[in-house]
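See below for the structure under consideration.
The values are calculated or read from the model by the stated rules, or taken from the named source; none is laboratory data. Note that the coordinates shown come from a computational prediction; the quantities given were computed from them, not determined experimentally. Cβ sites come from the backbone with ideal geometry, for glycine too, and all protein chains shown count toward neighbours. When the accessible area is computed, the model is the full protein with side chains, heavy atoms only, and any ligands, DNA or RNA have been set aside. Shrake-Rupley method; radii C 1.70, N 1.55, O 1.52, S 1.80 Å.
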Amino acid sequence: MKGNAIYKVPEGKLLRLSLELKGKKISAIQIRGDFFMHPEEGIEKIEQALLGLAVNKGIVEAVRKAVGENSIEMFGLDSNAVFEAVKMAAGNAK
Amino acid sequence: MTEFRLLETGFSDAFTNMAIDEAVMQLHKKGDLPTVRFYAWKPHAISIGYFQGIEEEVDLQRSQELDVDVVRRITGGGAVFHEHELTYSFVCSEESKIVPKNVLESYSKICSGIVNGLEELRVKGGFVPLNDIIVNGKKISGNAQTRRGGNVLQHGTLLLEVSVDKMFSLLKVPDEKMRGKIVQSVKKRVTSLELETMREHSFLDVANAMQKGFEKTFGAKLVLGELTTEEKKLAESLRGKFAERDWNFKR
């Protein structure tokens, strides 16, 4: 199943998220948008950290862990925004 | 007085412009003079942020029809249509402490070069976090920064004139049903030097004003220089990357 979401982060930028689900677990994910992240390669670390997770469990924690481990600074999005976008995308997955 | 190097590279294509910015940043060594560069885009071009999806942001067919180049930046941020604008870039090392370590503060500091430049043109602008410069409540400049290899690169635009309709004929909107409303809304939130001063400004006038603006911000003299042979070579090689389909269609 594939799903997409466009999520406007409150006081932030526009997050566009695409994911693929195998059962309830994320098998592929891409986070796009007009936000900023330092280092820029952090986006791939965050995406990798979400692979294999169920959409309603552990998303925020996984993002926070990836951020901490890779000293990532995010502007215009945060771990909650990623969670909201994941839920949205999963919600309209078909 | 401290000296910075000033580069005026004139009009180049999108891939060359992005390659020069990256080459200057990559080759910048601690102790080198910071570089301020002013440039423009020919042909007109769209640049998208590092994290954006090219096909969902840009009407690629229409861009091709209008001979507008499309390039992915190494900096984040949004899609920008580069037409009648002055583009600047700023490179220094993090260790030099010329800009604050804190990212938001560094945006503010570098943007103040443009704000001071606007004052030279008798336009009152202000910095709005994270990365905008506003005049009379409307955006006149967008900026984007990256930090790599211990160096800071920030580049940004200053709108000399703006055509929101033309811009949106080349960009996609999140919801096509809302296109009319979105375009109307952007028209109210974006401005240009022409609109704010009711005058035309030549690129040269604006560049001179921005030069004074950066000199005031940093207490430095901007001395006109050139790209080194090494920078030119690296830029030529990096141009290849920016022109590659794999790079631009990465996301």
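Summary value for chain B: 28 percent relative contact order, contacts being C-alpha pairs under 8 angstrom separated by 6+ residues. A Förster distance of 25 Å, applied to the separation of the beta-carbon atoms of B:ARG245 and A:LYS2, puts the FRET efficiency at 0.60.
Amide H contacts of A:ARG32: A:ARG16, A:LEU17, A:SER18, each under 5 Å away and 5 or more positions distant or on a separate chain (H built 1.01 Å from N in the peptide plane; Pro and chain starts excluded).
Bridging of B:LYS241 to aspartates and glutamates at a Cα separation below 18 Å is possible for A:GLU40, A:GLU41, B:ASP13, B:ASP21, B:GLU22, B:ASP69, B:GLU230, B:GLU231, once same-chain residues fewer than 8 apart are set aside.
Extending 7 Å from Cα along the Cβ direction at B:LYS30 and again at B:LYS233 yields two label points whose distance is 2.5 nm. Test of understanding: in a Gaussian network model of chain A with alpha carbons linked when under 10 Å, which of A:LEU19, A:LEU53, A:LEU77 would top the mean-square fluctuation ranking? Highest fluctuation among the options: A:LEU53. Sort chain B into rounded, prolate or oblate with this rule: let a ≥ b ≥ c be the square roots of the eigenvalues of the Cα gyration tensor; rounded if a/c is under 1.5, and if a/c is not under 1.5, prolate when a/b is larger than b/c, oblate otherwise. Oblate, since a/c reaches 1.5 and b/c is not below a/b.
Please give the per residue accessible area of the stretch A:2-91, computed with a probe of 1.4 Å over protein heavy atoms only, in Å².
47
As a calculated quantity, the FRET efficiency between B:LYS42 and A:ALA54 at R0 = 51 Å, using C-beta atoms, amounts to about 0.50. For the protein assembly as shown, what class follows from the C-alpha gyration tensor (a ≥ b ≥ c being the square roots of its eigenvalues): rounded when a/c is under 1.5, otherwise prolate if a/b is larger than b/c, else oblate? Verdict is prolate for the protein assembly as shown. Contact order, relative form, for the stretch A:2-91: 35 percent (alpha carbon pairs under 8 Å, 6 or more residues apart, mean separation divided by residue count).
For the stretch A:76-83, the Karplus equation 6.51 cos²θ - 1.76 cosθ + 1.60, evaluated at θ = phi - 60°, returns couplings of x, 8, 8, 5, 5, 4, 4, 4 Hz by residue, with Gly and Pro reported as x. Of the GluC sites (Glu not before Pro) found in the stretch B:37-110, those that fall in a DSSP loop while having at most 13 other beta-carbon atoms within 10 Å are B:GLU95. Shape class of the stretch A:2-91 from the alpha-carbon gyration tensor: oblate, with a/c at 1.5 or above and b/c at least as large as a/b. Between B:LEU170, B:LEU66, B:LEU121, the GNM of chain B built on Cα springs shorter than 10 angstrom shows B:LEU66 fluctuating the most. Across A:ARG32, A:ARG16, A:ARG64, mean-square fluctuation computed from a Gaussian network of chain A (C-alpha pairs under 10 Å connected) peaks at A:ARG32. In plain terms, the chain from B:GLU176 to B:ASP205 could stretch by 6.5 nm, reckoned as 0.36 nm per residue minus the Cα-Cα distance. Helical runs assigned H by DSSP (4 residues or longer) give chain A a calculated mean residue ellipticity at 222 nm of -10500 deg cm²/dmol, each run adding -39500 (n - 2.57) before division by the residue total. Counting only protein heavy atoms and using a 1.4 Å probe, the accessible area of A:LYS87 comes to about 90 Å².
What does the buried accessible surface come to for B and A, summed over both chains, with the probe at 1.4 Å? Round to 100 Å². What B and A bury together is about 1800 Å².
Take the Cβ atoms of B:VAL128 and A:LYS25, set R0 to 30 Å, and the FRET efficiency comes out at 0.15.
Straight-line cross-link partners of B:LYS187 among the lysines, defined as a Cα under 30 Å from its Cα and at least 8 positions apart when in the same chain: A:LYS8, A:LYS13, B:LYS42, B:LYS109, B:LYS124, B:LYS138, B:LYS139, B:LYS166, B:LYS172, B:LYS177, B:LYS212. For a straight C-alpha distance cut-off of 13 angstrom, the aspartates and glutamates reachable from B:LYS181 (same-chain residues fewer than eight places away being disregarded) are B:ASP165. Surface composition of the protein assembly as shown: carbon and sulfur atoms hold 51% of the protein heavy-atom accessible area at a 1.4 Å probe.
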